[in-house]
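Student: Structure in structure tokens, see below.
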Amino acid sequence: MKIQRFDHEEALAATLGERLLDRVARAPRLVLGLPAGRTPLALYRALRERTARDRVDWSRVRTFNLDEFAGLGGRDAGSYRAVMDAELFSHLPIDPANIGMLDGLAPDLAAECRRYEAAIAAAGGIDIQILGIGANGHIGFNEPAGELHAHTHVATLQPATRDANAVLFGGDPDRVPARALSMGMATILGAREIVMIATGEEKAECVAGMINGLITTRLPASFLQVHPRVTVMLDQGAYGAYSA
Ligand code: GLP
């Protein structure tokens with residue numbers, strides 16, 4: 001793993017934003033895996049601003065988001081689709097047909113998961129997967145457990161994860177859906193390159209375990225150690241315990 005530390009999250013976001021837009025310029029058919037959550041918001045701001053400034057062509061870029069809440073559609077304010085539209089997609093000159101998202105309102109969620117795996121494969125796989133990390137070490141909605149799913153699946157959220165996502169639901173964890181759809185570990189590790197971003201002290205402990213600890217299903221992000229091309233981009237807070 002390549003570890004990179006930044007003084008603050010804006011510097012991290014600016015650097016990663018430049019790198020991604022450079023890749024888009026060199027490979028217009030880039031396939032990007034994207035996370036929702038708080039962490040990538042500065043990155044999405046950087047991508048919006050630089051796309052407008054440099055007139056970046058996103059018309060052939062394809063994206064696949066990591067996860068989505070079960071029972072919510074793009075019109076629901078708490079959905080990751082709504083967040084992604086507001087924070088990124090509606091500001092980019094991207095073809096809506098090239099935006100891949102799991103549909104939390106699909107009548108058959110298992111079939112929706114199979115559709116998503118097939119869509120990623122049909123796109124030729126993910127070139128660069130951007131990841132956040134939950135304070136409990138989850139990636140996507142692959143929660144710490146005795147066993148993990150390889151492929152896109154329906155996940156049951158742990159109380160800590162519902163708490164962490166409550167901000168999207170008026171601060172009320174009980175309004176956070178109990179289930180979600182998520183890429184699995186093999187889906188994520190199948191990306192040709194992975195960039196993990198983590199900011200804030202509350203991430204420091206799991207980041208340290210992810211980088212230095214044993215590989216364990218109790219810390220799903222630790223599986224990134226087996227991938228040959230992972231860059232971990234941290235602010236001071238998230239780097240803290242790693243350096244200690
Ligand atoms: C959430 C999402 C992940 C996200 C992670 C970190 O629950 N399922 O996709 O990367 O947890 O979220 P945040 O960036 O808000 O800390």
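The values are calculated or read from the model by the stated rules, or taken from the named source; none is laboratory data. None of the values given here were measured: they were computed from a predicted structure. Cβ atoms come from the backbone with ideal geometry, glycine included; neighbour counts cover every protein chain shown. When the accessible area is computed, the model is the full protein with side chains, heavy atoms only, and any ligands, DNA or RNA have been set aside. Shrake-Rupley method; radii C 1.70, N 1.55, O 1.52, S 1.80 Å.
Student: Name the residues in segment 18-43 that are open to solvent by 10 Å² or more (accessible area, probe 1.4 Å) and under 20 Å from residue 83 (Cα atoms), would you?
Tutor: Applying the first criterion (open to solvent by 10 Å² or more (accessible area, probe 1.4 Å)) to segment 18-43 yields 18-19, 21-23, 25-29, 36-39, 41.
Once the filter is applied, which keeps residues that are open to solvent by 10 Å² or more (accessible area, probe 1.4 Å) and under 20 Å from residue 83 (Cα atoms), segment 18-43 yields 36, 37, 38, 39, 41.
Student: Could you check segment 137-164 and list, in sequence order, the residues that are within 9 Å of the ligand (Cβ to nearest atom), part of a loop (DSSP other than H, G, I, E, B) and either open to solvent by 40 Å² or more (accessible area, probe 1.4 Å) or over 20 Å from residue 33 (Cα atoms) (or both)?
Tutor: 157, the sole residue that qualifies.
Student: Right, here's the next one. Does residue 181 satisfy the condition of being farther than 21 Å from residue 34 by Cβ, touching a Cys at 6+ places or on another chain (Cβ under 8 Å) and within 14 Å of the ligand (Cβ to nearest atom)? Step through it out loud before you land on a result.
Tutor: Numbers: farther than 21 Å from residue 34 by Cβ: no; touching a Cys at 6+ places or on another chain (Cβ under 8 Å): yes; within 14 Å of the ligand (Cβ to nearest atom): yes.
Taking the combined requirement at face value, the residue does not satisfy it.
Student: Just to confirm my filter: which helices (runs of 4 or more DSSP H) fall fully inside segment 171-244 and include at least 3 residues that are within 26 Å of residue 8 (Cα to Cα), open to solvent by less than 20 Å² (accessible area, probe 1.4 Å) and not acidic (Asp, Glu)? Explain how you work it out, then say what you get.
Tutor: Numbers: elements: 185-189, 204-212, 236-243.
Helices (runs of 4 or more DSSP H) meeting the threshold: 204-212.
Student: Separate question: Kindly indicate whether any position in segment 190-200 is within 15 Å of the ligand (Cβ to nearest atom) and among the hydroxyl-bearing types (Ser, Thr, Tyr). Full working, then the answer.
Tutor: In the first step, residues of segment 190-200 are kept if they are within 15 Å of the ligand (Cβ to nearest atom); the result is 191, 194-200.
Next, only the ones that are among the hydroxyl-bearing types (Ser, Thr, Tyr) stay: 199.
Checked against the condition, which is being within 15 Å of the ligand (Cβ to nearest atom) and among the hydroxyl-bearing types (Ser, Thr, Tyr), segment 190-200 yields at least one hit.
Student: Yes or no: residue 167 open to solvent by 20 Å² or more (accessible area, probe 1.4 Å) and β-branched (Val, Ile, Thr)? Please lay out each step first, then the result.
Tutor: On the way: open to solvent by 20 Å² or more (accessible area, probe 1.4 Å): yes; β-branched (Val, Ile, Thr): yes.
In short, yes.
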